[in-house]
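The values are calculated or read from the model by the stated rules, or taken from the named source; none is laboratory data. The model shown is predicted, which means the values in this text are computed figures rather than measured ones. Glycine gets a Cβ as well: all are built from the backbone with ideal geometry, and neighbour counts include every protein chain shown. The protein model used for the area step is the full one, side chains on, heavy atoms only, and it has no ligands, DNA or RNA in it. Shrake-Rupley method; radii C 1.70, N 1.55, O 1.52, S 1.80 Å.
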Amino acid sequence: MRRRPGIGGLQTAAAARDQYRLLGENVAKLRTDLMKEQLATFRSQLEEFARKHKNDIRKNPTFRAQFHEMCAKVGVDPLASNKGFWAELLGIGDFYYELGVQIVEICLATRSHNGGLINLQELCMLLRQKRKTDREAVSEDDCLRAISKLKILGSGFEVISVGKRKLVRSVPTELNKDHNEILELAQAQGYVTVDEVEGRLSWTSGRATDALDTLLDEGLAMIDDGHKDGKRRYWFPCVSSISSSVGADI
Amino acid sequence: MQKLGDFKLPQFFNYPPYFTLQPVRDTREKQVQLWKDLILDYCKTQHIFVIELEEEFPLFSNPVIERSLSHEARKAFLSALVTEGRAEWLDKGHRKCLILWHRIQDWADIILRFVKDNGLEDGVMTIEEIRSGIESRGTELHGIDRTILMRALKLLEHKGKLAIFKGTSTDDEGVKFSV
């Protein structure tokens with residue numbers, strides 16, 4: 001016989017719901033506790049690891065990069081704040097802030113020469129020269145990390161990839177695809193000619209000269225009419241540092 | 001690093017575009033500044049007083065990268081020095097340029113120091129003695145360009161520190177100091 005709904009039935013249903021909710025809450029709490037415990041364990045393990053390998057992290061750029069990678073995987077950013085236990089533990093925040101300041105200095109100092117675009121490798125080299133007093137090595141990875149922190153300042157620091165190389169931009173120049181392709185082409189010799197741009201990229205001469213003129217105006221290129229073949233060359237200080245250009249032309 | 005004798009050349013000297021006058025203003029200003037510094041620095045260390053535009057000059061070409069400055073570029077860099085008071089054209093055609101790595105005022109100060117160091121406060125010297133005498137040996141005055149020396153002496157004469165007197169020929173022009 002089918003029971004008709006009555007007050008008792010409703011009460012039973014409500015009680016059951018309460019029971020389920022209670023149980024659910026319990027399970028959730030258990031899970032959270034477990035999670036918290038795991039996190040605490042993990043954190044202490046990570047701290048222990050960091051403490052144990054403190055010197056390696058500070059001195060060895062490869063190790064440092066791997067440590068960063070590990071932290072990123074578990075969602076910890078040791079650079080997120082200058083306070084907190086990471087900074088206290090490693091002094092690693094200061095390290096990157098210092099790098100950041102030095103990178104800004106180098107970019108400003110070389111801006112009139114390269115128009116505010118500098119090869120990451122050259123930047124690293126100049127950075128090492130600048131820091132020669134302390135023995136801690138600086139890797140390109142460190143540079144990139146320090147630059148990514150500079151972005152927060154909104155000063156227009158950015159890393160762009162041109163071909164295989166990375167360039168660091170410190171002025172808000174907009175480079176379009178054409179400009180990038182020219183820069184990429186220039187990486188081989190440090191310079192390009194209009195003919196090369198037309199030939200290699202299959203562009204019309206108008207397109208080539210337009211793009212080259214813009215790069216000139218932006219201070220990213222310099223003309224060279226001195227070669228004996230009489231063809232104008234467009235040099236790009238940002239892809240070939242002055243110091244390494246000697247070999248490029250002989 | 002490339003060298004000219006014992007002179008250390010700056011890195012831009014090996015970068016070909018620096019030998020072509022740049023059309024974009026900012027880039028050109030930087031280029032001119034680098035060349036001005038280089039010319040003054042080189043002339044000072046090598047004790048060079050006059051640059052002739054048409055003549056060979058070690059800074060005007062770099063055989064390593066096969067580049068040399070055009071006449072126009074040479075003139076532009078030297079003119080920039082002239083505008084700054086660090087050089088003067090010696091002729092109307094702008095072919096010869098006097099390089100003042102010390103300004104005339106600075107040369108005058110050097111002469112005064114030289115006079116005091118040698119106890120010549122009320123002594124007499126000929127121009128040639130100042131330029132090549134034993135007293136000036138080892139000082140910056142040794143071998144000084146005659147035009148520059150005369151200008152500095154006239155400045156001092158104007159200030160009443162000395163009197164220039166003429167002999168029978170230019171060879172025995174002299175000065176009487178009264179410092």
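Here are some notes:
- Candidates A:Phe49, A:Phe95, A:Phe67: whichever shows maximal mean-square fluctuation once chain A is modelled as a Gaussian network with Cα springs under 10 Å: A:Phe49
- Built amide H within the under 5 Å cut-off of A:Arg165, gap 5+: none
- Minimum 50 Å² accessible area buried by the other protein chains, segment B:27-62 residues, probe 1.4 Å, relative to alone: B:Thr27, B:Lys30
- Here's the list of lysines a cross-link from B:Lys161 could span, going by alpha-carbon distance under 20 Å and ignoring same-chain residues fewer than 8 apart: B:Lys116, B:Lys176.
- Taking a ≥ b ≥ c as the square roots of the eigenvalues of the alpha carbon gyration tensor, segment B:104-177 is rounded, as a/c is under 1.5.
- Protein heavy-atom accessible area occluded, A/B pair - total, 1.4 Å probe, Å²: 1800
- Shielding by other protein chains, A:218-231, mean Cβ within 10 Å: 5
- Counting every alpha-carbon pair across chain A, the share separated by more than 27 Å comes to 56%.
- Residue-averaged beta-carbon neighbours from other chains (10 angstrom radius) around A:184-191: 1
- Under 25 Å from the Cα of A:Lys151 - lysines, other chains or at least 8 residues apart: A:Lys73, A:Lys83, A:Lys130, A:Lys164, A:Lys166, A:Lys177
- Positive contributions from Lys and Arg (+1) and negative ones from Asp and Glu (-1), summed over other residues with Cβ under 12 Å from the Cβ of B:Asp26, come out at +1.
- Heavy-atom accessible surface of the protein assembly as shown: percent carbon and sulfur, 1.4 Å: 51
- Measuring nothing but how far apart in sequence close Cα pairs (under 8 Å, 6+ apart) lie, relative to its length, segment A:174-250 scores a relative contact order of 34 percent.
- Here the relative contact order of chain B, from alpha carbon pairs under 8 Å that lie six or more residues apart, stands at 16 percent.
- For the residue pairs B:Lys36/B:Lys75; A:Lys52/A:Lys132; B:Lys36/B:Lys92, alpha carbon separations beyond 19 Å are given by A:Lys52/A:Lys132; B:Lys36/B:Lys92.
- Whole-number accessible area per residue in Å² for the protein assembly as shown, which is evaluated in the context of all protein chains at 1.4 Å: 56
- Theoretical ellipticity at 222 nm over the protein assembly as shown - DSSP helices of four or more residues, -39500 (n - 2.57) apiece, nearest 500: -16500 deg cm²/dmol
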